[in-house]
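Okay, so here's the structure we're looking at.
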Amino acid sequence: MNLPFAEPYKIKMVESLHRSSREERERWIREAKYNLFNLRSSQVFIDLLTDSGTGAMSDKQWSEMMLGDESYAGASSYFKLKEAINDITGFPHFLPTHQGRAAENVLFSVMVKEGDIVPGNAHFDTTKGHIEFRRAHAVDCTIDEAYDISLDHPFKGNVDLEKLERVLLGNPRERIPMIILTVTCNTSGGQPVSLRNIREVKAMADRFGIPLIFDAARFAENAWFIRKREEEFADWSIRDIVREMFRHGDAMTMSSKKDAIVNMGGFIGIRDIDLYRRASTYNILFEGYVTYGGMSGRDMNALARGLYEGTEYDYLEARVGQVARLGKKLRDHGVPVQYPFGGHAIFVDARRFLTRVPQEEYIAQKLAVELFLEGGVRGVEIGTLLADRDPATGKDRFPPLELVRLTIPRRVYTDNHMDYVAAALCNVWDRRDSITRGFRILYEAPILRHFTVELEPAG
Ligand SMILES: *Cc1c(COP(=O)(O)O)cnc(C)c1O
């Protein structure tokens, strides 16, 4: 018989989980005002809120922690990380930051000013936030196929070159400080960008004399998809694909909490020494001196090691494969999920799931709460609560999709856990017709309300 897939690692340390009862969960979620962010992690059996900073470090990363050099300037940990970043990404210069949004803050402080236009594939929330905070505008140039969640397309993170060209032709060159490519595209569901698209975007950027910046949080998962789906790269190593991707960039911002498998950290990779020098000033101001910028020496050591582990073929096969196995289980049962599956999460289409719950009663939140009640699984709403109210009318903004995201931490849960998640959600699916009412808001903050909102059952 064919040998089945098995993870290329074994477990050295375990953390106990509490398997709660339905009665406990009903009480906890009521006390949490039906907001999953208000739960204590000890009340959650399987936590799929995010893959950010929730990964499991390896024995080698933990041993690197012991070797950290905490010198203020010129620590060996800095040079170890610099070498790893240069080796993996090809960028000759780098600045450490405390996480990804801090890298954006530093780089955009140099590059983005009021009135600027920053085109790219669907910008991540914090990226867009840092652009808009500077009174500049992010323009989404993702291909239309990305927003049809059941359409089979191998690279739903791709930039539509016609949309991009329209932005570049329609605005003065000096108003466009950069083009941002997010790999994989988190906002479109962890969907990859092809190398062909990267090359075409770079060619267009060069034609207009505009820098190309990578938002690189999940660059290794992106390289995995390139290898699997783009024939030219079928026998390339992941690291060669990663170098080929980044060769086209002028800089990269990184949230190390994702593909570098550490719990905190980030960095900026930079090609040009002059840009590096200008960004250094802001790094010192906001993050810390250029040889530690927001990170301790031991954390830089673990990150250096994580960059190598996160770009191993066997690891990525297990990681992206685990997400896909969960997706397939749900799809086979008829649960409406985004397809193809993303690299880090499965997105459940709540509107097609809970067809009887009225739109104004927060359909995706209702589904996320039902999944918690069913099995103690915490997903996250990406729907009307997240979309906030229209500041002009004060009315709810209904986004095109009501989604529940099941985000898989790296190297943390086994396939048994994923089978449990699938079974819990399939059980909710089987009783979906009995779910007819959602929630009413008791309290909400004026912006970013989803973190602190308080709800009560409608009806
Ligand atoms: C997480 C993320 C960020 C921000 O990084 P933090 O480490 O959370 O600050 C930026 N871009 C993308 C695509 C991300 O996924």
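What the pair-distance distribution of the stretch 202-324 shows, using all Cα-Cα distances binned every 5 Å from zero, is 2, 10, 17, 20, 19, 15, 9, 6, 1, 0 percent. Computed over all pairs of different Cα atoms, the Kirkwood value for the hydrodynamic radius of the stretch 59-309 is 18.1 Å.
Within 10 Å of each candidate Cβ there may be at most 12 other Cβ atoms; applying that plus a DSSP loop requirement, which GluC sites (Glu not before Pro) in the stretch 108-200 survive? Before the final figure, lay out the partial values.
Details: sites: 114, 132, 145, 162, 165, 174, 200; in loops: 114.
Sites meeting the loop and neighbour criteria: 114.
Say the cut-off is 19 Å between C-alpha atoms; which of 228/328; 10/60; 257/328; 80/228 go over it? In this structure, 257/328; 80/228 exceed 19 Å between Cα atoms. Per-residue ellipticity at 222 nm computed for the chain from its helices equals -12000 deg cm²/dmol, with DSSP H segments shorter than 4 residues left out and the rest contributing -39,500 (n - 2.57). Accessible surface calculations at 1.4 Å, restricted to protein heavy atoms, place the chain at 43 Å² per residue. Efficiency by 1/(1 + (r/R0)^6): what FRET value for residue 281 and residue 423, r their Cβ-Cβ distance, R0 = 41 Å, to the nearest 0.05? According to the calculation, E is roughly 0.15. Alpha-carbon geometry of the stretch 293-355: the Rg and the Dmax are 17.1, 52 Å, given in that order.
At a 1.4 Å probe, what is the % contribution of carbon and sulfur to the accessible area of the chain? Whole-percent figure for carbon plus sulfur exposure: 51.
Taking a straight Cα-Cα cut-off under 24 Å and skipping sequence neighbours fewer than 8 places away in the same chain, the lysines within cross-link reach of residue 113 are 128, 163, 202.
Looking at the stretch 41-139, which chymotrypsin sites (Phe, Trp or Tyr not before Pro) are in a loop (DSSP not H, G, I, E or B) and have at most 15 other Cβ atoms within 10 Å? All intermediate terms of the calculation are to be shown ahead of the outcome.
Values: sites: 45, 62, 72, 78, 79, 94, 108, 124, 133; in loops: 45, 72, 124.
Loop-located and lightly packed - 72.
Counting pairwise Cα distances across the chain, what percent come out greater than 30 angstrom? So the portion of pairs separated by more than 30 Å is 46 percent. Distant-in-sequence amide contacts of residue 142, defined by a placed amide H-H separation under 5 Å and a gap of 5 or more residues or a different chain, comprise 122, 160. Using 0.36 nm per residue and subtracting the Cα-Cα separation, the extra length available between residue 458 and residue 23 on full extension is 154.6 nm. Computed from backbone phi, the HN-Hα couplings of the stretch 108-120 come to 6, 4, 7, 9, 10, 10, 3, x, 5, 10, 10, x, x Hz, rounded to whole numbers (Karplus: 6.51 cos²θ - 1.76 cosθ + 1.60, θ = phi - 60°; Gly and Pro given as x).
The values are calculated or read from the model by the stated rules, or taken from the named source; none is laboratory data. Bear in mind that the values here come from a model prediction, so they are computed numbers and not experimental data. Please note: Cβ atoms are built from the backbone with ideal geometry, for glycine as well, and neighbour counts cover all protein chains shown. To get the accessible areas, we keep the full protein, side chains included, count just its heavy atoms, and leave off ligands, DNA and RNA. Shrake-Rupley method; radii C 1.70, N 1.55, O 1.52, S 1.80 Å.
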